[in-house]
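Just so it is clear, none of the values below were taken in a lab; they were calculated from the coordinates. Because the structure is a prediction, the values reported are computed rather than measured. Positions of Cβ are backbone-derived with ideal geometry, glycine not excepted, and every protein chain shown enters the neighbour counts.
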């Protein structure tokens, strides 16, 4: 059996990749994908612990996260399309009209 | 006897007129104002009848209604204290007050703010009745402050005129100085005796010995009370507000600044007689201040040209006499003079008001003259008043003033007596000067002048030749004239075949608490023992002084009308000094007011208020602004920088948890 720490390290790596992509990339869609990556890193942690502790709680959390992520994808992609229609760019650095 | 009804009647009148009178027709305002005071007067008469039937052991008649406040062993109640002294005051206040209400109907008929005026008059009545009927000092103090308020409102009745508004403020602030002294006296009473109820206080005070030689707490209380009385009763050094108070409507001058409110100080001193009897030095101070005020104000009154100013100084001078009487422990003489003064001074002011009304607002006596023809009723009433105040027998003030002077002599204060007689001659002089200038000679006013004259912003654009006042004003004059004539007959001394009823009537108030006082009893006793022929001789001296004043005025202002101008020119600087009221106002201005204004401006306003308080408030605002400006830079609008902050924050939280070893 694969030890728990392996799963945790892998999920940590996935999460770190997500954070890095989120901070570095300028394209909104890439940022969006990075967020999904972070969510799935967390999901992996949940299922790993669930398997280890023989508990169903972690699985339920994962399902919730997946539902939220799906909803988020729907809303997020709609926003991205709206932004692209008005600003004709997907570069976040140029979407800064809320600045004081 | 349900005495609470008496003060509450005018209060109800004031409340109805003051809150809703704006929408009432004049007739309804009149009915409410006059009805409430008239009913109060009628009830007071009924109370007087009941009172005379009370057995002596039930006097003072005390009614207690409720506890007002209680703090530990100290408590004060709402209650009424009716004895001979407060009964006399009650009748004077309601009676004279009612007549002045009637007079005001005519005088104020053309004025704006009609309902406001009557509401103020009624509230004044309420507070004055509270003052005289209270059964403890704190309730008296409520009335004391209340009449100050009513006075402020009525002096500044024509508040659009700056001089009137200023005079109101001056009266109020000057009174505050005196009230401060009175309040400290009350605190001392609470501290040393633990009560302010008259009946229990007198029991405690009478156990104290007379403070001869060494001044103790009673002397301190007496002097502080005197300070309060000098403010309310316009004595040296706090008299300055009263002449300015003539800015109010003339009936107000009559009611408040002559007949009733200013007598509050005299009443308070008389009411506190158990304290003053045990503090001879405080009592002496009362006598000296009264005598000084009497002659000081009389001398100013001799040169004033404004008819109301003459009467104002006359009021101050007469109040001085009352203090003189109280100061030699002849309280009943002081109260007697208070009563006759209420009649004749109200009459004088109302007559003056009638003249002012008849001349369309003219107050300068130099523009009057020959008014005997135009205002016959006023002339005769004024004549009675003038002869009364000057002290000619058998009119009222002859008996009361003479009683004060006689008691002063009998108590051994020869110097005070002499000053009092000189002041009496001066009184006679300035009153007959007023009389001759106003009613005799030729009319010196501009005929049918359309010029609106200064003071009482009275009358319309075109005011014809002088005319007599309407009947509603004349009737109170006549009634007051009758009282000024016969009012003194209740106090004819025994030396003249009278029975001095008023003295015997008031005696229990001042006797029952005075057993332990040799000074008081010796004065009374000496008066009894001196032979009556001596007393008659002193009366003759008083009448002689009055005659001297009369002859002087007759010679200068009737016979040789060219002389006063020359005399004034000859006296030069002295005349100017007296005409400028000895420049006391200027002195107070330089010594107290200007430094106070300077201190307030530089230290309190610019230093404390602007520097400290505004500095703190503005500093807090500016600090918040600075901080926000710095923090604002974080809101770059760049999503990735926000995300960076979130990541940094999350990392910081995790680092903290790891460091603390959270499980």
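Computed from label points 7 Å out along Cα-Cβ, the spacing between residue B:631 and residue B:547 is 9.5 nm.
What is segment B:387-435 by shape, rounded, prolate or oblate, if you read a ≥ b ≥ c off the alpha carbon gyration tensor as root eigenvalues and call it rounded for a/c under 1.5, prolate for a/b larger than b/c, and oblate otherwise? Write out the running numbers ahead of the final one.
On the way: a/c = 4.58, a/b = 1.58, b/c = 2.90.
Oblate.
Whole Å is fine, so just give me how far the alpha carbon centre of segment B:606-663 lies from that of segment A:21-46. Using only Cα atoms, the two centres lie 29 Å from each other. Exposure proxy shown here: for B:81, B:208, the number of other Cβ atoms within 10 Å sets the order, fewest to most, as B:208, B:81. Averaged over the residues of peptide B:634-646, the number of Cβ atoms from other protein chains lying within 10 Å of each residue's Cβ is 4.
Compute log10 of I(q)/I(0) for the protein assembly as shown with the Debye formula, placing one identical point scatterer on every Cα and leaving out solvent, at q = 0.06, 0.09 Å⁻¹, to two decimals. Log-scaled intensity ratios, in q order: -0.49, -0.80. Helix B:396-410 versus the longest principal axis of chain B: what angle, 0 to 90°, nearest 10, using Cα atoms? Result, in degrees: 80.
Rounded to the nearest 10 degrees, the inclination of helix A:28-53 to the longest alpha-carbon principal axis of chain A is 10 degrees.
Placing pseudo-labels 7 Å out from each Cα toward the beta carbon at residue B:149 and residue B:594 gives an inter-label distance of 3.6 nm.
Could you calculate the contour length gain from residue B:574 to residue B:75, that is, 0.36 nm times the residue separation minus the distance between their Cα atoms, to one decimal place in nm?
On the way: separation 499, 0.36 × 499 = 179.64 nm, distance 5.48 nm.
Between residue B:574 and residue B:75, full extension yields an extra 174.2 nm.
Calculated mean residue ellipticity, 222 nm, chain B: -22000 deg cm²/dmol, from DSSP H runs (n ≥ 4) at -39500 (n - 2.57) each, averaged per residue and rounded to 500. The order of B:88, A:65, going from fewest to most other C-beta atoms within 10 Å of their C-beta, is A:65, B:88.
Contour minus end-to-end for residue B:653 and residue B:613, with contour as 0.36 nm per residue of separation and end-to-end as the Cα-Cα distance? Mind showing how you got there, number by number?
Numbers: separation 40, 0.36 × 40 = 14.40 nm, distance 4.15 nm.
Gain on stretching residue B:653 to residue B:613: 10.3 nm.
Within segment B:576-623, all pairs of alpha-carbon atoms sorted by distance into 10 Å bins from zero give the percentages 26, 26, 20, 15, 9, 4, 0. Centre-to-centre, using Cα atoms only, segment B:321-400 and segment B:235-273 are separated by 15 Å. Go ahead and run the numbers for FRET between residue A:52 and residue B:142, Cβ-Cβ distance against an R0 of 60 Å, rounding to 0.05. After rounding, the FRET efficiency stands at 0.10.
Projected area of segment B:201-294, taken from the Cα convex hull and averaged over every viewing direction, in nm²? Walk me through the intermediate numbers first.
Details: hull surface 25.1 nm².
For the Cα atoms of segment B:201-294, the hull's average projected area reads 6.3 nm².
With neighbour counts taken as other beta-carbon atoms within 10 Å, the residues B:501, B:63, A:88, B:145 rank, fewest first, as A:88, B:501, B:63, B:145.
In a fully extended conformation the segment linking residue B:646 and residue B:1 would gain 223.8 nm over its present Cα-Cα distance, using 0.36 nm per residue.
Once you order the gyration tensor axes a ≥ b ≥ c over the Cα atoms, which shape class does segment A:4-94 get: rounded for a/c under 1.5, otherwise prolate or oblate by comparing a/b with b/c? Working shown, then result.
Values: a/c = 6.53, a/b = 1.94, b/c = 3.37.
Oblate, since a/c reaches 1.5 and b/c is not below a/b.
Axis of helix B:84-107 versus longest Cα principal axis of chain B: the two differ by about 90°, to the nearest ten degrees. Once both labels are positioned 7 Å from their Cα atoms along Cα-to-Cβ, the gap between residue B:203 and residue B:24 label points is 4.4 nm.
On the beta carbon distance between residue B:499 and residue B:471, with R0 = 45 Å, the FRET formula returns roughly 0.75.
Given R₀ = 35 Å, FRET efficiency for residue B:159-residue B:65 by Cβ-Cβ distance, to 0.05? Don't skip to the answer; put the middle values down first.
On the way: r = 36 Å, r/R0 = 1.03.
Once the sixth-power term is evaluated, E becomes 0.45.
Using a 7 Å offset from Cα along Cα-Cβ at residue A:4, what residues in segment A:41-63 end up with backbone N under 18 Å from the label point? Taking a point 7 Å out along Cα→Cβ of residue A:4, the residues of segment A:41-63 whose backbone N falls under 18 Å are A:42-62. Its alpha carbons give chain B an Rg and a Dmax of 30.1, 118 Å.
When each of the peptides B:318-331, B:645-658 is scored by how many other beta carbons lie within 10 Å of its residues on average, the order from highest to lowest is B:318-331, B:645-658.
Output the peptides B:13-23, B:485-495 sorted from most to least packed, where packing is the average of other Cβ atoms within 10 Å over each peptide's residues.
Highest mean packing first, the order is B:485-495, B:13-23.
Between the alpha-carbon centres of segment A:65-81 and segment B:537-578 there is a gap of 110 Å.
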